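Got a structure for you, questions after.
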Amino acid sequence: MVSHRKSLISTGLILFLTCLPLTLKAQENNQPPTGFSALFNGENLDGWYGQRNTNPYGLAELSAEEREKQLAADQVDMRQHWRVEDGAIVNDGQGVFLSTDNDYRDYELWIDYKTVAKADSGIYLKSCPQVQIWDYTEAGGKWNIGADKGSGGLWNNSAGSAGKDPLQLADKPFGEWNRLRIKQVGQRTSIWLNDKLVVDNALMENGHWKKGHPLPVAGPIWLQTHGGEISWRNIFIREIPTAEATEYLVSRDVTEFEPVFNGVDLTGWSGPTDQYEVVDSAVRCKPKSGGTIYTDQEYKNFVVRFEFQLPPGGNNGLAIRYPGKGDTAYVGMCELQVLDNTADGFSKLDPRQYHGSAYGKAAAHRGYLRPTGEWNFQEVTVDGSTIKVELNGSLILDTDLADINEFMADSSHPGKDRTSGYFGFAGHNSPVSFRDIQIKVLED
């Protein structure tokens, strides 16, 4: 975690190594279970500060002086509307939100709340709205916008998308405490309300602050105030280590994926396989070697998922619908970049050259790679002319190549409209490693 007072949009991360069962029950009296930390000490608001409901991207652009002035004003407001009473944080329904001092990337959050009739509140994750909390009764007057389905949904997701509405009504009657458990890796979010699953590994959207962008890679947790008294207690957090984060992302869909790499040798692959080696169950481009190796099987529409590890300055690529010879960036549908975005030598590239981008065609969002040397998890969906790239749980590319007619350096891309081809790796003289490579064929 990183102090939010120092960095409003931070990429910092501390990963704890404790991996706990999902059935763990939170303790009471603001005492955290093993492996969790308490965000609220039950006595005062240490570790929290007042935060007006404002765009965090704009906050990050303020000068230090402007930010401190705004922060000071928000603390005055916070003291007027937030208090600690009988081991709970209580808000009167007015004023600024309450924010954690620290930012969090991948985590599991426990939090209890109690509210009143006609209240409308929520929890912002990574400073983005929101896990919805509201009056689920007809008397609350909001059945026309979905309140009849209950609390716990990702209210700011687009209509009809996964997670927008809770999977089941799980609210307790007013006056009783409700318990939320939230697990978030990248944008992938699961929510349990009173031990009932209400959001199942859905992508939380950033439509309120920055539509079309992933959530920030890390950010604070905000408790919303929205017109009705609400109380909070037993607020615990556990930061999720890399291996567990990847397991969570894989668990979203385990059906119909078939391994295309056996972890021992390159049986089933063609091309310059002598330029690659298998080390610790991963295929790796040899140093100062390269070329495109590819599966013996062709694919039309498919999902491929894998883990990859970048060395400093690492450079490789995914060959998508590759014809079997030539430069896949041009003669294939595309090359999806696999690149160490942080390397000094890559600081002045065209945006369409960074990790996850369709090389020379469409730029991916940056900042979502794990630290260089760690294993990343990526899932790519190729369906018709569309490509989606999800990196460590964040959607960094969602594009339709059929709509693209401007290319880097005005280069020709004759393979852009290919409808089938091989999947492979386009090595560029650096030892980038890939493992657990699996493909699911989609229906035409």
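Just a yes or no: is a residue in region 164-175 of a type in the set (Asp, Glu), in contact with a helix residue (DSSP H, G or I) (Cβ under 9 Å, 6 or more places away or on another chain) and modelled with pLDDT of 95 or more? Don't jump to the end; show me each part of the working.
Looking only at region 164-175, we keep the residues that are of a type in the set (Asp, Glu), and these are 165, 171.
Right, trim to in contact with a helix residue (DSSP H, G or I) (Cβ under 9 Å, 6 or more places away or on another chain) and you get 165.
From what's left, modelled with pLDDT of 95 or more: 165.
Looking for residues that are of a type in the set (Asp, Glu), in contact with a helix residue (DSSP H, G or I) (Cβ under 9 Å, 6 or more places away or on another chain) and modelled with pLDDT of 95 or more, one finds at least one in region 164-175, hence yes.
Related question: Would you confirm whether or not region 220-231 contains a residue that is under 29 Å from residue 435 (Cα atoms) and in the same structural domain as residue 31 (by TED's automatic domain parsing)?
Step one: of region 220-231, the residues under 29 Å from residue 435 (Cα atoms) are none.
No, region 220-231 has no match at all.
In the set 360, 421, 384, 415, which member is more than 23 Å from the chain's Cα centre (by Cα), modelled with pLDDT of 95 or more and surrounded by fewer than 16 Cβ atoms within 10 Å (Cβ to Cβ)?
Going through 360, 421, 384, 415 in turn, just one is more than 23 Å from the chain's Cα centre (by Cα), modelled with pLDDT of 95 or more and surrounded by fewer than 16 Cβ atoms within 10 Å (Cβ to Cβ): 384.
In region 201-210, how many residues are more than 11 Å from the chain's Cα centre (by Cα) and within 14 Å of residue 155 (Cα to Cα)?
3
For region 362-404, which positions are touching an Asp or Glu at 6+ places or on another chain (Cβ under 7 Å) and among the aromatic types (Phe, Trp, Tyr)?
375, 377
A further question follows. State which residue pairs qualify: first residue under 10 Å from residue 294 (Cα atoms) and inside region 306-323, second residue among the aliphatic types (A, V, I, L, M) and surrounded by fewer than 22 Cβ atoms within 10 Å (Cβ to Cβ) in any location, beta carbons under 7 Å apart, and separation of 6 or more residues or different chains.
Final answer for the pair search is 318/380; 323/331.
Need a quick list: strands (runs of 3 or more DSSP E) entirely within region 46-136 having at least 2 residues that are β-branched (Val, Ile, Thr) and buried (at least 16 other Cβ atoms within 10 Å of the Cβ).
Here the list reads 88-91, 107-115, 128-134.
If we keep just the residues of region 181-208 that are in a loop (DSSP other than H, G, I, E, B) and of a type in the set (D, E, K, R), which is nearest to residue 377 (Cα to Cα)? It would help to see each step written out before you state the result.
First, the residues of region 181-208 that are in a loop (DSSP other than H, G, I, E, B): 186-187, 194-195, 204-208.
Next cut, of a type in the set (D, E, K, R) only: 195, 205.
Details: 195: 28, 205: 20 Å.
The qualifying residue nearest to residue 377 (Cα to Cα) is 205.
Restricting to region 229-251, name every residue that is within 30 Å of residue 90 (Cα to Cα) and part of a loop (DSSP other than H, G, I, E, B).
229, 240
Which strands (runs of 3 or more DSSP E) sit wholly inside region 314-429 and have at least 2 residues that are hydrophobic (A, V, I, L, M, F, W, C), assigned by TED's automatic domain parsing to the domain that holds residue 285 and touching a helix residue (DSSP H, G or I) at 6+ places or on another chain (Cβ under 8 Å)?
315-322, 334-339, 375-383
Okay, residues lined up against (1) closer than 21 Å to residue 179 by Cα; (2) in contact (Cβ under 8 Å) with a residue 60 or more places away in the chain; (3) not assigned by TED's automatic domain parsing to the domain that holds residue 222:
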{"residue": "32", "(1), (2), (3)": "yes, yes, no"}
{"residue": "41", "(1), (2), (3)": "yes, no, no"}
{"residue": "55", "(1), (2), (3)": "no, yes, no"}
{"residue": "60", "(1), (2), (3)": "no, no, no"}
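Of the numbered conditions (1) more than 16 Å from the chain's Cα centre (by Cα); (2) closer than 23 Å to residue 391 by Cβ; (3) assigned to a loop (DSSP other than H, G, I, E, B); (4) at pLDDT 95 or above, residue 254 satisfies every one except a single condition; which is it?
Going through the list (1) more than 16 Å from the chain's Cα centre (by Cα); (2) closer than 23 Å to residue 391 by Cβ; (3) assigned to a loop (DSSP other than H, G, I, E, B); (4) at pLDDT 95 or above, residue 254 breaks only (4).
Follow-up question, since we're still on this one. Name the residue that is nearest to residue 119 (Cα to Cα), counting only residues in region 221-280 that are polar (S, T, N, Q) and surrounded by fewer than 15 Cβ atoms within 10 Å (Cβ to Cβ).
Looking at the filtered set, the residue picked out is 251.
The values are calculated or read from the model by the stated rules, or taken from the named source; none is laboratory data. Since this is a predicted model, take the numbers as computed values, not measurements. Note: ideal-geometry Cβ built from the backbone for every residue, glycine included; neighbour counts use all protein chains shown.
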